[in-house]
1. Residues Ala475, Ala470, Ala486: which one is surrounded by fewer than 16 Cβ atoms within 10 Å (Cβ to Cβ), in a helix (DSSP H, G or I) and either under 30 Å from the mean Cα position of the chain (by Cα) or aliphatic (A, V, I, L, M) (or both)?
2. Inside the range 406-416, can you point out the residues that are in a loop (DSSP other than H, G, I, E, B) and in contact with a Pro (Cβ under 8 Å, 6 or more places away or on another chain)?
3. Need pairs with beta-carbon distance below 8 Å; first residue part of a loop (DSSP other than H, G, I, E, B) and within the range 417-434, second open to solvent by 10 Å² or more (accessible area, probe 1.4 Å) and among the aromatic types (Phe, Trp, Tyr); sequence gap 6+ or separate chains.
4. Test Ala190 against the criterion of being in a loop (DSSP other than H, G, I, E, B) and in contact with a Ser or Thr (Cβ under 6 Å, 6 or more places away or on another chain), and give yes or no.
5. Which one is least open to solvent (accessible area, probe 1.4 Å) among residues in the range 291-308 that are part of a strand (DSSP E or B) and not polar (S, T, N, Q)?
6. Out of (1) open to solvent by less than 20 Å² (accessible area, probe 1.4 Å); (2) within 17 Å of Lys318 (Cα to Cα), what's the single condition that is false for Thr412?
7. Sort out for me the helices (runs of 4 or more DSSP H) sitting completely within the range 61-148 that have 2 or more residues that are of a type in the set (Asp, Glu).
8. Quick one: in the range 274-290, which of the residues that are in a helix (DSSP H, G or I) and over 20 Å from Gly397 (Cα atoms) is least open to solvent (accessible area, probe 1.4 Å)?
Amino acid sequence: MRIGLLTEGGYPYATGEARLWCDRLVRGLPQHEFELYALSRSAEQERARIPLPQHVTHVRTAPLWAPADDGRTYSRRERRRFADCFKELVHGICAGAPDPFAAGLYGLAGLAREQGGLYAALRSESAVRALEAACRAPGASRTVQAAHVADLLEFVDALECMLRPLSLDWYEEDARGEGLGAVDVCHAAAGGVAALPGLLAKRFFGVPLLVTEYGVQLRAHYLSHLGAGQGEEPRPAVRALLAAFHLRLASEIYARADFLTPGNAHARRWQERCGATRERLRTVYPGMEADRFATVGESAERGDPDTLVWAGRVEPAKDLIALLHAFAEVRRAEPRARLRIFATAADPGYLADCRSLAAQLFPDEAADSVTVGENPVAFEEIGGPDAPSAAEAYGAGRVVVLSSVIEGFPLTLAEAMLCGRATVSTDVGAVREVIGGTGLVVPPRNPRALAEACLSLLGDAERAERLGAAARARALELFTVEQNVAAFQEIYLRLLAKGSGRSDGGGIPFARPPEARVPGHWTSPTWAKPAPDPTSEAAV
């Protein structure tokens, strides 16, 4: 089977979990042939590609960051056609109308497919005027109606970047049999712009589309403008237009995808609210390498009984300020307690604020008059001498704490469970779903409740050990690479067997035999070569 894997800012370039789960999936299914279609976000990212297994036949990359002017200019008829399609698109964005949005999107895709790139047209004066008319039309929100010329120009610039997949040459099958039109399944590793090429392959070639979202792109966009993101905030009108575009695109993807695999029930609820139907949804949890945590998880050593452990990215959404205030109450009840904060990455400003607060709340302590004092709160990095791996960081204490106010799928929590640690977590995102009764859950932004839960486990070693054992058993059942790969293998076969009305086989599974194509770049498939002319000299 040929799988077209679609990514944006992730595999095979970016580091982090977005890259890791794709890599584990590809390496876990060597019996299939993968073709990677990656949308990159920076030049630096493209220079850091990871090694790929042999059954990845080729990688095609398109930048969303570089100018994409191909010098193409349209004739009068083409400009009129563009104007009609673009008016429908922006009307759907501004008025929140799904049908005009879809008609405009596919109309622009058809124009780009026939005539070339849309760069100049999308940045033209006529595009700005069409957007202005849509913003002023009845049905648009008050914020959008107040958009100024600078807002319109900024949004058109962003829209051109987001619609670049419409102009790519990824779709038509070439002489080597490569292209999204020739794969058996398109698998988008995220929603949003990453799934747009799969949407077009389904529209023009009938290729089944599978969309996986471990973090809902629409939710991530909303959060990026609520203080959880970085960078300069766009103006209100631009923010409203961007939110409307992402909502309409997400709704179209959820409506057209053959199958959706949210990473948790929290993501699933978002998809259902945006139009996904339940019969096309199946929750597939992220797969983690359980072997990395086996040594700590199976050890009889339960870690320092007086130590709380926190691990993850140090940023405002993790609410370490509340954790430090909660630990102040823990210290009043348990003077021997310690808190070790292990950072995988950090927002420098927020990390400095946390260090400053820790120094104020907890003066350095010393055992006697000649010993150097130490703070009961330690800020460390995973990979340092005291914690060379994540497993050893979790194994440093008896209880692992998660204090977030915003969370999708809590990977650090699942890793702590694989290490057999009892956990105390705030009730956000998919935390309750992941914990499943094997840890304590408290309300977010409530330091007192967080402190009481930590104290209850620090003071009851038997209960902490019992919860840790149950947590490890649950994690081994649900959150391993093996269950993740097996789930996607089943879904791939299901999509292939179902068929989707493709022109190359009339929707009949296996209509084109596998021997019709020889994998690799060194030859062209026999069925792609034109038949010889019987009247030519070569045929005689």
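The values are calculated or read from the model by the stated rules, or taken from the named source; none is laboratory data. Worth saying up front: this structure is predicted, and the values here are computed from it rather than measured. FYI the Cβ positions are ideal-geometry reconstructions off the backbone, even for glycines, and counts take in every protein chain you see. Just the protein is used for accessible areas: all its heavy atoms, side chains included, with ligands, DNA and RNA removed. Shrake-Rupley method; radii C 1.70, N 1.55, O 1.52, S 1.80 Å.
1. Of Ala475, Ala470, Ala486, the one residue that is surrounded by fewer than 16 Cβ atoms within 10 Å (Cβ to Cβ), in a helix (DSSP H, G or I) and either under 30 Å from the mean Cα position of the chain (by Cα) or aliphatic (A, V, I, L, M) (or both) is Ala486.
2. Looking only at the range 406-416, we keep the residues that are in a loop (DSSP other than H, G, I, E, B), and these are 406-410.
Hit for the range 406-416 is Phe409, nothing else.
3. Short answer, once both residue conditions are applied: Gly429/Phe409; Ala430/Phe409.
4. no
5. Of all residues in the range 291-308, those part of a strand (DSSP E or B) come to 304-308.
Next cut, not polar (S, T, N, Q) only: 304-306, 308.
On the way: Asp304: 61, Pro305: 54, Asp306: 43, Leu308: 3 Å².
The residue in question is Leu308.
6. Here Thr412 meets the rest and fails (1).
7. The helices (runs of 4 or more DSSP H) meeting that bar are 76-95, 98-115, 125-136.
8. The first filter runs over the range 274-290 and keeps only residues in a helix (DSSP H, G or I), leaving 278-280, 290.
Subsequent filtering for residues that are over 20 Å from Gly397 (Cα atoms) retains 278-280.
Working: Arg278: 167, Glu279: 130, Arg280: 40 Å².
Filtering the range 274-290 for residues that are in a helix (DSSP H, G or I) and over 20 Å from Gly397 (Cα atoms), the one least open to solvent (accessible area, probe 1.4 Å) comes out as Arg280.
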